[in-house]
Amino acid sequence: QVEYEESGGGLVQPGGSLRLSCAASGSIFKFLAAGWYRQAPGKQRELVAAITNYGATTEYADAVKGRFTISRDNDKNEVYLQMNNLQSEDTGVYYCNSDRWAGLKDPSALDSWGQGTQVTVSS
């Protein structure tokens, strides 16, 4: 079972940037696709970015396309989310997880969530 530890969140002004990191445990991580999710206050957890096991393919939610970039380093068992031009609607707790590519699309079916990292975009 893979465990996750997210970091890098914080308070940022609109238009600012943050880089989130997720450290994953377990040797299986490098064989799985990985995703970043966010949960805004009062809303369900949603997938915002995904990357295949070796990074050849990435996919983004429409709301973050062109502003967020997902990447991974399998040697370090880490996945990253570079977030630029942050807006107030990006506020939420950000989590990472891993699974088969299709499995990432249903966060309710994933287990072993980390604590997440809070991102707050406010002036």
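Largest first, how would 30, 105 line up by accessible area (1.4 Å probe)? Show your work: numbers first, answer last.
Numbers: 30 70, 105 95 Å².
Greatest to least solvent exposure: 105, 30.
Once the convex hull of the alpha carbons of the stretch 8-57 is built, what does its volume come to per residue, in cubic angstrom?
Numbers: hull volume 5.9 nm³, N = 50.
Residue-normalised Cα hull volume stands at 118 Å³.
Would you check the accessible area of residue 95, probe 1.4 Å, heavy atoms only, in square angstrom rounded to 10?
Number for this one is 30 Å².
Once you charge only the Cβ atoms, +1 for Lys and Arg and -1 for Asp and Glu, what is the size of the charge dipole of the stretch 1-107 about its Cα centre, to the nearest 20 debye?
On the way: 11 positive and 13 negative charges, 29 e Å.
With only Lys, Arg, Asp and Glu charged at Cβ, the dipole is about 140 debye.
Using +1 at the C-beta of Lys and Arg and -1 at the C-beta of Asp and Glu, which of 21, 39, 121 has the Cα lying farthest in the positive direction of the dipole of the chain?
Sorting the options by dipole projection puts first 121.
Given the options 11, 104, 32, which has the most mean-square fluctuation in a GNM of the chain, springs set between C-alpha atoms less than 10 angstrom apart?
Largest GNM mean-square fluctuation: 11.
If I compute solvent accessible area with a 1.4 Å probe over the protein chains, what percent of it on the chain is carbon and sulfur?
Values: 2810 of 6340 Å².
Heavy-atom surface of the chain belonging to carbon and sulfur, 1.4 Å probe: 44 percent.
With every protein chain kept in place and ligands, DNA and RNA left out, what is the accessible area per residue of the chain? Probe 1.4 Å, answer in Å². Walk me through the intermediate numbers first.
Numbers: 6340 Å² over 123 residues.
The answer is 52 Å² per residue.
I'd like the FRET efficiency for residue 74 and residue 105, computed as 1/(1 + (r/R0)^6) with the beta carbon distance as r and R0 of 22 Å, rounded to 0.05.
Values: r = 22 Å, r/R0 = 0.99.
Approximately 0.50, to the nearest 0.05.
I'd like the distance between the alpha-carbon centres of the stretch 32-46 and the stretch 55-97, rounded to an integer number of Å.
Using only Cα atoms to place each centre, the spacing works out to 11 Å.
Of 73, 90, 106, which has the largest mean-square fluctuation in a 10 Å C-alpha GNM of the chain?
Sorting by GNM fluctuation, first place goes to 106.
Please give the length that would be gained between residue 17 and residue 120 if that part of the chain were fully extended, namely 0.36 nm times their separation in residues minus their C-alpha to C-alpha distance (nm, one decimal). Show your work: numbers first, answer last.
On the way: separation 103, 0.36 × 103 = 37.08 nm, distance 1.12 nm.
Length gained, residue 17 through residue 120: 36.0 nm.
The values are calculated or read from the model by the stated rules, or taken from the named source; none is laboratory data. Everything numeric here is computed off the predicted structure, so don't read it as measured data. With ideal geometry, Cβ positions are generated from the backbone for all residues, glycine too; neighbour counts draw on all protein chains shown. These accessible areas exclude ligands, DNA and RNA; they are computed on the full protein's heavy atoms, side chains included. Shrake-Rupley method; radii C 1.70, N 1.55, O 1.52, S 1.80 Å.
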